[in-house]
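Some notes on the structure that comes next.
The values are calculated or read from the model by the stated rules, or taken from the named source; none is laboratory data. The shown structure was predicted, so the numbers you read here are calculated from the model rather than taken from an experiment. Reconstructed Cβ throughout: ideal geometry from the backbone, glycine too, with neighbour counts over all protein chains shown.
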Amino acid sequence: MTDAETLHDRLLTLDSHVDIPWPEAPDPFGDTTCRVDLPKMRRGHLVAACLAAYVPQGPLTDEGHRIAAGRAEAMLARIAGMGGARNGIEARVVDTVDAVEQAHRDGAIALIPAVENGYAIGEDLSLLARFRAVGARYVTLCHNGHNLITDSANPRADLGDGEARHGGLSEFGRAAIAEMNRLGMLVDVSHVSRAGMLQAAGCSATPVVATHSCVRALCDHPRNLDDAQLDVLRETGGLVQITAVPGFLRRRAGFDQVGVADYCDHLDHVARRCGPAHVGISSDFDGGGGFRGWGDASESGNLTAELLRRGWGEAEIAGFWGGNFLRLLRHAEALAAG
């Protein structure tokens, strides 16, 4: 029988969505109060993470968009500066699958930039190329408000200031997805309305990914994906990365009301309905994620132990922990190169 700790320590483990602190900037090489820092990643053998430059929703005005773009670029610059070697830890900021895999072989931690909320581009598609040039590998199309790309899943988004509604994706949103496809950036449909998510899955040349979402059949929350949405992900080659936000795993639950078994129930649901190639692992640490047993990056091995206990084999667990996500990233790279 495979020992869970031994298995976990040889896997390429990747968390597809971690928020970075902003505007404060604790030393990522030091032990901090954050749920994710490099020492915690090393202790939990979490060898790669997508670090999100999160931009909150603001007014749909030129000034609002200018401020949002500036914040996104400043946060991406901070992520770019997180590489280096100190305190016995090496971190590399990378933007290709080959570089992630090389970092793993070399014993380094791989950090992958991303942008959360397409509000940051306003109506300027050229900003996507600027984000990609500094390493960003995906853009979450929206957050908790409708923007010029798509409607949000947030049922209270209509209460915002001057927000648009499109019945899903806008024509500009379709153009933004085409540009992301051209650049090799994944389309993240977390936070997107049901109609917008289905339309994005239908028009993107690269399969879409929900980098931090859960299963609506197990927890009836607007942010979660229903079974019909999961079926579309299966049919189009897409992926949902189950997130560790307690209220998405169990309705109205907090940190102490959710455990590793609850998390793995959501992962199991997708794997058994859609196949193990269509689900993976994310935390949304430092953005609301965390529960008993996976309270920070240092406890990541507990997920591997539970998955192994449930009968999943090494190949499937390797896919959940990063292989499936890296497959989509490589697909996007091939499309951009071709």
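Go through (1) part of a helix (DSSP H, G or I); (2) within 16 Å of PHE325 (Cβ to Cβ) and name the single condition LEU127 misses.
Checking LEU127 against (1) part of a helix (DSSP H, G or I); (2) within 16 Å of PHE325 (Cβ to Cβ), the one that fails is (2).
Name the residue that is farthest from the chain's Cα centre (by Cα), counting only residues in the stretch 133-150 that are surrounded by fewer than 22 Cβ atoms within 10 Å (Cβ to Cβ) and of a type outside the set (S, T, N, Q).
Checking each candidate, the answer is LEU148.
Free of Cβ contacts under 8 Å to residues at least 24 places away in the same chain and of a type outside the set (Gly, Ala, Ser): is that true of ARG327 in this structure? Explain how you work it out, then say what you get.
Working: free of Cβ contacts under 8 Å to residues at least 24 places away in the same chain: no; of a type outside the set (Gly, Ala, Ser): yes.
Spelling it out, it is not the case that ARG327 is free of Cβ contacts under 8 Å to residues at least 24 places away in the same chain and of a type outside the set (Gly, Ala, Ser).
Within the stretch 285-305, is there a residue that is in a loop (DSSP other than H, G, I, E, B), surrounded by fewer than 17 Cβ atoms within 10 Å (Cβ to Cβ) and of a type in the set (Asp, Glu)?
No, because not a single residue in the stretch 285-305 is in a loop (DSSP other than H, G, I, E, B), surrounded by fewer than 17 Cβ atoms within 10 Å (Cβ to Cβ) and of a type in the set (Asp, Glu).
Restricting attention to the stretch 103-132, which residues are within 20 Å of the chain's Cα centre (by Cα), more than 24 Å from GLY287 (Cα to Cα) and of a type in the set (Gly, Ala, Ser)?
Within the stretch 103-132, ALA103, ALA129 qualify.
Considering each residue of the stretch 33-63, count those that are more than 24 Å from TRP321 (Cβ to Cβ), at pLDDT 95 or above and crowded, with 17+ Cβ neighbours inside 10 Å, and give that number.
1
Within the stretch 47-60, is even one residue within 20 Å of LEU141 (Cβ to Cβ), more than 19 Å from the chain's Cα centre (by Cα) and either assigned to a strand (DSSP E or B) or not aliphatic (A, V, I, L, M) (or both)? Before you say what the answer is, go through the steps one by one.
Our first condition is that a residue be within 20 Å of LEU141 (Cβ to Cβ); within the stretch 47-60, this holds for 50-60.
Next, only the ones that are more than 19 Å from the chain's Cα centre (by Cα) stay: 58-60.
Retained after the next criterion (residues that are either assigned to a strand (DSSP E or B) or not aliphatic (A, V, I, L, M) (or both)): 58-59.
Yes: the stretch 47-60 contains one or more residues that are within 20 Å of LEU141 (Cβ to Cβ), more than 19 Å from the chain's Cα centre (by Cα) and either assigned to a strand (DSSP E or B) or not aliphatic (A, V, I, L, M) (or both).
Can you say whether ALA103 is buried (at least 19 other Cβ atoms within 10 Å of the Cβ), under 30 Å from THR6 (Cβ atoms), small (Gly, Ala, Ser) and touching a strand residue (DSSP E or B) at 6+ places or on another chain (Cβ under 9 Å), as far as the supplied structure shows? Don't jump to the end; show me each part of the working.
On the way: buried (at least 19 other Cβ atoms within 10 Å of the Cβ): yes; under 30 Å from THR6 (Cβ atoms): yes; small (Gly, Ala, Ser): yes; touching a strand residue (DSSP E or B) at 6+ places or on another chain (Cβ under 9 Å): yes.
The answer is yes for ALA103.
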